[in-house]
Amino acid sequence: MQETDSQTSLNQSDAALLRTIVQAEPECVKRVDRSGRLLDMNLAGLAMIEADDLGSVVGVSLFKVVTTEHHTAFQSALDSVFDGNTVRTQMEIIGLRGGRRWVEQNAAPLFDPNDPTVVLELIAVTRDITEQKHYEARLMHAKLAAEAANVAKTAFLANMSHEIRTPMNGVLGMLQVLGATALTEEQAR
C-alpha cells in the first residue's frame, strides 16, 4: 500500500511539474479532440486566440478561429494526426476579438497507453509567424518591383539605342556619299 501512495504522489508531482512547464511555455500548447474541439490550452494559446480564460473556450471548435480558406487544410491535418501521423501546418487564424495572425502548428497524436493503435487526442505546439509572413510579403513585393524596374530599364535602353541609331545612320550615310565624291581640302576637313 505504501508503494501505491508513493507512486500516486510521484504521479501528482510529475503532473504538476508538467502543467507548470506547459503554462510557462511562450508558444501555444493545446490538446484537441478528433472533431477539432479544444480540450486544454496554455496561457500563451489563450492570448493567441484572444480568449479571457480557459473556461470560455474549452469545448469550442477551433474551426471557429481558423479562417474559412484554411478549414480544408485544418481538417486534413486533424485527419492525418488521428491516423497516427505528426503534421506541420501553416494557417491564418482570427482571434475571438478579430485579430488576424498566421500560425505554424506542429501536431502529434497522443496514443492510448492501453492500445497504441488508438489515438485519444491531438497535442499541438503552435507559434505565431505573422511577422515572418509580413516579411515574406515585403520581400516578394520588392522582388516584383525590382523585376518591373529591370523590364523598364531594358525597354528604355532599347528605345534609346533605336533613337540614337536612326539619326546616326543618316549622318553616316551622308558621310559615305560625301566621301565618294571629290572634296576640296576645306570640305574634307
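The values are calculated or read from the model by the stated rules, or taken from the named source; none is laboratory data. Note that the structure is a prediction, hence the values are computed from the model and not measured. All Cβ positions, glycine included, derive from the backbone under ideal geometry; neighbour counts span all protein chains shown. Heads up: the accessible areas ignore ligands, DNA and RNA and are worked out on the full protein's heavy atoms, side chains in. Shrake-Rupley method; radii C 1.70, N 1.55, O 1.52, S 1.80 Å.
Under 24 Å Cα-Cα from LYS64, which lysines qualify once same-chain neighbours fewer than 8 residues away are excluded?
Partners found: LYS30, LYS133.
Accessible area of HIS162, 1.4 Å probe, to the nearest 10 Å²?
HIS162 exposes around 100 Å² with every protein chain in place.
Could you state the principal axis extents of the C-alpha atoms in segment 29-154, from the largest down, to the nearest angstrom?
Here the spans come out as 69, 34, 21 Å, largest first.
Among GLY95, VAL151, THR166, flag the residue with its Cα farthest along the positive direction of the charge dipole of the chain, charges on Cβ as +1 for Lys/Arg and -1 for Asp/Glu.
Value computed over the given set: THR166.
Pull out the extension gain between ALA108 and SER161, defined as 0.36 nm times the separation in residues minus the alpha carbon to alpha carbon distance; nm, one decimal.
12.9 nm
Report, ordered by chain and residue number, the lysines lying within cross-link reach of LYS153, taken as a straight Cα distance under 25 Å and ignoring same-chain residues fewer than 8 apart.
Here the lysines satisfying the reach criterion relative to LYS153 are LYS143.
Where the only charges are on Cβ atoms (+1 Lys, Arg; -1 Asp, Glu), what is the dipole of segment 68-165 about its Cα centre, to the nearest 20 debye?
Approximately 760 debye in magnitude.
Choose one of THR20, THR86, LEU139: the residue whose Cα lies farthest towards the positive end of the charge dipole of the chain (beta-carbon charges +1 Lys, Arg; -1 Asp, Glu; about the Cα centre).
Value: LEU139.
Two decimals is fine: what's Rg over Rh for segment 99-189, C-alpha atoms, Kirkwood radius as Rh?
Using Cα coordinates only, the ratio equals 1.69.
Just subtract the alpha-carbon distance of LEU96 and LEU18 from 0.36 nm times their residue separation and send over the number in nm, one decimal.
So the chain would gain 25.3 nm between LEU96 and LEU18.
With all protein chains present and a 1.4 Å probe, how do THR68, THR181 order by accessible area, largest first?
The most accessible residue leads, giving THR68, THR181.
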